[in-house]
1. Pull out a ≥ b ≥ c, the square roots of the eigenvalues of the alpha-carbon gyration tensor of segment 94-210, then state rounded if a/c is under 1.5, prolate if not and a/b is larger than b/c, and oblate in the remaining case.
2. Given labels modelled 7 Å from the Cα in the Cβ direction, how far is it in nm from residue 140 to residue 153?
3. Roughly how many nanometres apart are two label points built 7 Å out from the Cα toward the Cβ at residue 88 and residue 196?
4. Got a sec? How would 43, 48, 173 order by Cβ neighbour count within 10 Å, fewest to most?
5. So what J values fall out for segment 132-141 if you push phi through Karplus, 6.51 cos²θ - 1.76 cosθ + 1.60 with θ = phi - 60°, rounded to Hz, Gly and Pro as x?
6. Rounded, prolate or oblate: pick one for segment 113-174, where a ≥ b ≥ c are the square roots of the eigenvalues of its C-alpha gyration tensor, a/c under 1.5 means rounded, and failing that, prolate if a/b is larger than b/c, else oblate.
7. Hey, which lysines would be in cross-link range of residue 25, C-alpha to C-alpha under 22 Å, not counting anything within fewer than 8 residues on its own chain?
8. Long-range amide H contacts for residue 119: which residues qualify at under 5 Å (H placed 1.01 Å from N, peptide plane, sequence gap of 5 or more or a different chain)?
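Each reported figure results from applying straightforward, stated rules to the coordinates on display, with no laboratory input. Every value quoted in this text rests on a predicted model; they were computed, and no experiment measured them. Using ideal geometry, Cβ is built from the backbone for each residue, glycine included, and neighbour counts are taken over all protein chains shown.
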Amino acid sequence: FSLCGVALVIAYLLGSFPTGYIAGKVLQGIDIREVGSGSTGATNVLRTLGKGPGAVVLVVDCLKGVLAIAFVYWLFSFAPTQNLLPSTVNIQLWQSWMITLVGLLAILGHSKSIFLGFCGGKSVATSLGILLAMNWQVGLATAAVFAVFIAISRIVSLSSIAGAIAVPILMLTLHQPLPYILFGIAGGIYVILRHRANIQRLLTGIEPKIGQKLATEK
Ligand code: G3P
């Protein structure tokens, strides 16, 4: 059980890794939190630093989620085994709960990074990485929903919100265990709440499309 605690701390620290902030500092000597939407995520990096840095931040932030879940799978490979748990405990369900908690901690880390005074991004790329590692079909289907909305609207935030809404529906449709369904609901609500400023802009029609700057820079 102490290993579970380690996995949770590692998930939070992995999620906290400030990829976008580092990109801003290294490439242009700027604090990404002071420009554009103020988010440290790939969209704001794309908008501020360009396509290459945006793509790198997207991949690295996604990998943070993959690694957090891969780490807990690795822990499961040698502990705990069923004989360490009471016989009434279903090991598979127990592992699903663990993976769910690890995923939520990684999401939290990305947007409330310990390295950035508890701010950060909107947890979209990290959530996608978690989903791909949790259940690749759900991950790919979520990415497809995102891609369809991007193709139609060219607005990343709207597409992210659509993806967040799709996750619990996909978890249910693909008969995933209860913890994963709850992950989809909790993670989805959290990601949508992180987009409050975007929702305001969407409602007033000033949310920028890909390639556009924000009308009111932060
Ligand atoms: O991935 C975050 C995206 O959905 C919105 O980012 O910078 O436009 O607020 P941003």
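1. Working: a/c = 2.18, a/b = 1.29, b/c = 1.70.
Oblate, because a/c is 1.5 or more while a/b does not exceed b/c.
2. For the pair residue 140/residue 153, the computed spacing is 2.5 nm.
3. Here the answer is 4.1 nm between the modelled labels.
4. On the way: 43 26, 48 23, 173 12.
Starting with the residue having the fewest Cβ neighbours, the order is 173, 48, 43.
5. Running phi through 6.51 cos²θ - 1.76 cosθ + 1.60 with θ = phi - 60° gives 4, 7, 6, 7, 5, 5, 5, x, 5, 5 Hz.
6. Details: a/c = 2.45, a/b = 1.30, b/c = 1.88.
Because a/c hits 1.5 or more and a/b fails to exceed b/c, segment 113-174 counts as oblate.
7. 51, 64, 112, 122, 213, 218
8. Amide H to amide H, under 5 Å and 5 or more residues apart or across chains, residue 119 pairs with 113.
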